[in-house]
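Trainee: Can you read through this structure? Questions will come right after.
The values are calculated or read from the model by the stated rules, or taken from the named source; none is laboratory data. What you are looking at is a predicted structure, and each value in this text was computed from that prediction instead of being measured. Backbone-built Cβ (ideal geometry, glycine too); neighbour counts: all protein chains shown.
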């Protein structure tokens, strides 16, 4: 697949979970000229557009997630948040002696058929990076789609909706959103809190409090086409 991917413009952006930074896939994406934005992601490892979120697993990780029963829950959450979720399983090595090949294939079928999450196999980290770069380029240049941190959830409970709104504030992760809501009690109180009040929440320093207030207080200026 590498021969299909040319070095592209840094106008193509991929949001990557901070735990993936320093890994081979991220390094290869940088080599391909992709602009990377590390963030703390609640679900998935890579966000390629406002509708595509990707969970990447090595073959070993995939087998482990089957055995500890995390796989279906992870795939379900990916499906709930992203309009076009994708699970990438990287590697074609020998299957674990602890799991039968039929069980591994059965898990893939369950993810694809029961949850509607496509599964793509790649040979190695280089091919994974090429796949992600191609999708991101197609979404952002071909379809002019933006990259959204939070994706699009089909349905959310009230607490989930509240966290979703608060997570849209600058530098606010899912963990920090919960702290803010527990401290202030309402979304409205967070939005009207002063810098001093915001800094009372663990994890919010002077800079982050200022960024939040700047966002909430600044006049909207439409972007040019």
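Trainee: Across the stretch 171-184, which residue is surrounded by the most Cβ atoms within 10 Å (Cβ to Cβ) among those that are modelled with pLDDT under 95 and at negative phi?
Mentor: 172
Trainee: Take residue 61 and decide whether it is free of Cβ contacts under 8 Å to residues at least 24 places away in the same chain and in contact with a strand residue (DSSP E or B) (Cβ under 9 Å, 6 or more places away or on another chain).
Mentor: yes
Trainee: Let me ask you something else. Every residue in the stretch 13-25 that is surrounded by fewer than 22 Cβ atoms within 10 Å (Cβ to Cβ) and either assigned to a helix (DSSP H, G or I) or in contact with a helix residue (DSSP H, G or I) (Cβ under 8 Å, 6 or more places away or on another chain) (or both), please.
Mentor: Result: 13, 18, 19, 20, 23, 24.
Trainee: So if I check each of 145, 163, which one is touching a helix residue (DSSP H, G or I) at 6+ places or on another chain (Cβ under 6 Å), at negative phi and touching a residue at least 40 places away in the same chain (Cβ under 8 Å)?
Mentor: From the options 145, 163, the qualifying one is 145.
Trainee: Here's something else I'd like to know. Going by the conditions given, is residue 202 within 25 Å of the chain's Cα centre (by Cα) and without any contact (Cβ under 8 Å) to a residue 40 or more places away in the chain?
Mentor: Yes, satisfied.
Trainee: Residues of the stretch 109-118 being surrounded by fewer than 17 Cβ atoms within 10 Å (Cβ to Cβ) and in contact with a strand residue (DSSP E or B) (Cβ under 6 Å, 6 or more places away or on another chain), which ones?
Mentor: Those that are surrounded by fewer than 17 Cβ atoms within 10 Å (Cβ to Cβ) and in contact with a strand residue (DSSP E or B) (Cβ under 6 Å, 6 or more places away or on another chain): 112, 118.
Trainee: Would you say residue 118 is at pLDDT 95 or above and more than 18 Å from residue 23 (Cα to Cα)?
Mentor: Yes, satisfied.
Trainee: Only one residue in 135, 190 is closer than 23 Å to residue 34 by Cα, surrounded by 13 or more Cβ atoms within 10 Å (Cβ to Cβ) and at pLDDT 95 or above. Which one?
Mentor: 135 is the lone residue from the list that is closer than 23 Å to residue 34 by Cα, surrounded by 13 or more Cβ atoms within 10 Å (Cβ to Cβ) and at pLDDT 95 or above.
Trainee: Have a look at 168, 151 and point out the one that is at pLDDT below 95 and touching a strand residue (DSSP E or B) at 6+ places or on another chain (Cβ under 6 Å).
Mentor: Residue meeting the stated conditions: 151.
Trainee: Residue 71 versus (1) at pLDDT 90 or above; (2) touching a strand residue (DSSP E or B) at 6+ places or on another chain (Cβ under 6 Å); (3) surrounded by 20 or more Cβ atoms within 10 Å (Cβ to Cβ): which is the lone unmet condition?
Mentor: (2)
Trainee: Applying the selection to the stretch 75-133, what residues are within 14 Å of residue 55 (Cβ to Cβ) and without any contact (Cβ under 8 Å) to a residue 24 or more places away in the chain?
Mentor: Passing the criteria: 108, 112.
Trainee: Additional query: Across the stretch 75-110, which residue is modelled with the highest pLDDT among those that are under 30 Å from residue 165 (Cβ atoms) and either assigned by TED's automatic domain parsing to the domain that holds residue 163 or part of a helix (DSSP H, G or I) (or both)?
Mentor: Of everything passing the filter in the stretch 75-110, 75 is modelled with the highest pLDDT.
Trainee: Go through the stretch 26-57 and count every residue that is surrounded by fewer than 19 Cβ atoms within 10 Å (Cβ to Cβ) and under 23 Å from residue 114 (Cβ atoms).
Mentor: The qualifying residues number 2.
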